[in-house]
Amino acid sequence: VRAIDVQHKLLIEIINDLGDAIAHGKGSAEISRVLGFLKYYSSWHFEREEECMERHRCAAAEVNKKAHCQFVMTFIALEEEFRASGGSPELALRMHRELT
């Protein structure tokens with residue numbers, strides 16, 4: 001589905017933006033901004049993709065939904081750890097590695 005493919009490309013672009021912000025030492029404010037958008041966009045995208053898979057009765061819908069749930073749980077745990085650390089660049093790098 002073209003719309004979902006476009007959304008996947010943007011999701012990858014956002015994760016790449018996180019990597020770029022880390023690599024260029026943009027600081028915790030910029031990393032937090034990218035993380036905030038990634039959190040919003042991944043949630044928005046996962047909802048649309050899951051609806052699409054249900055509508056088309058995709059055989060992999062349940063497996064995909066579980067993968068989305070795992071991504072969200074991992075993201076939330078890492079984001080909380082990042083914020084508690086005061087924006088540690090090392091933690092941001094670990095987040096990027098785990099999310100990719």
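Observations on the structure shown:
- Number of the condition not met by residue 97 [criteria: (1) open to solvent by 50 Å² or more (accessible area, probe 1.4 Å); (2) over 14 Å from the mean Cα position of the chain (by Cα)]: (2)
- Residues satisfying the stated conditions in the stretch 46-89, i.e. within 18 Å of the chain's Cα centre (by Cα) and of a type in the set (D, E, K, R): 47, 48, 49, 50, 65, 66, 79, 80, 81, 83
- Condition check for residue 77 on (1) in contact with a helix residue (DSSP H, G or I) (Cβ under 9 Å, 6 or more places away or on another chain); (2) open to solvent by less than 80 Å² (accessible area, probe 1.4 Å): one failure, at (1).
- Per-region count, the stretch 52-64, residues outside any loop (DSSP other than H, G, I, E, B) and either touching a residue at least 60 places away in the same chain (Cβ under 8 Å) or open to solvent by less than 90 Å² (accessible area, probe 1.4 Å) (or both): 4
- Within the stretch 67-76, one or more residues are within 20 Å of residue 28 (Cβ to Cβ), at pLDDT below 95, assigned to a helix (DSSP H, G or I) and not β-branched (Val, Ile, Thr).
- Complete set of residues in the stretch 38-51 that are in contact (Cβ under 8 Å) with a residue 24 or more places away in the chain and either on the phi > 0 side of the Ramachandran plot or open to solvent by 30 Å² or more (accessible area, probe 1.4 Å) (or both): 39, 43, 48
- Applying the condition of being free of Cβ contacts under 8 Å to residues at least 60 places away in the same chain and within 10 Å of the chain's Cα centre (by Cα) to the stretch 22-37 and asking which residue is surrounded by the most Cβ atoms within 10 Å (Cβ to Cβ) yields 34.
- So residue 19, is it at pLDDT 90 or above and either open to solvent by 40 Å² or more (accessible area, probe 1.4 Å) or more than 11 Å from the chain's Cα centre (by Cα) (or both): yes
- Scanning the stretch 19-41 for residues that are assigned to a helix (DSSP H, G or I) and farther than 16 Å from residue 71 by Cα gives 19, 20, 21, 22, 23, 28, 29, 30, 31, 32, 33, 34.
The values are calculated or read from the model by the stated rules, or taken from the named source; none is laboratory data. Bear in mind that the values here come from a model prediction, so they are computed numbers and not experimental data. Positions of Cβ are generated from backbone atoms using ideal geometry, with glycine treated the same way; all protein chains shown enter the neighbour counts. In case anyone asks, the SASA skips ligands and DNA or RNA and just uses the protein heavy atoms, side chains included. Shrake-Rupley method; radii C 1.70, N 1.55, O 1.52, S 1.80 Å.
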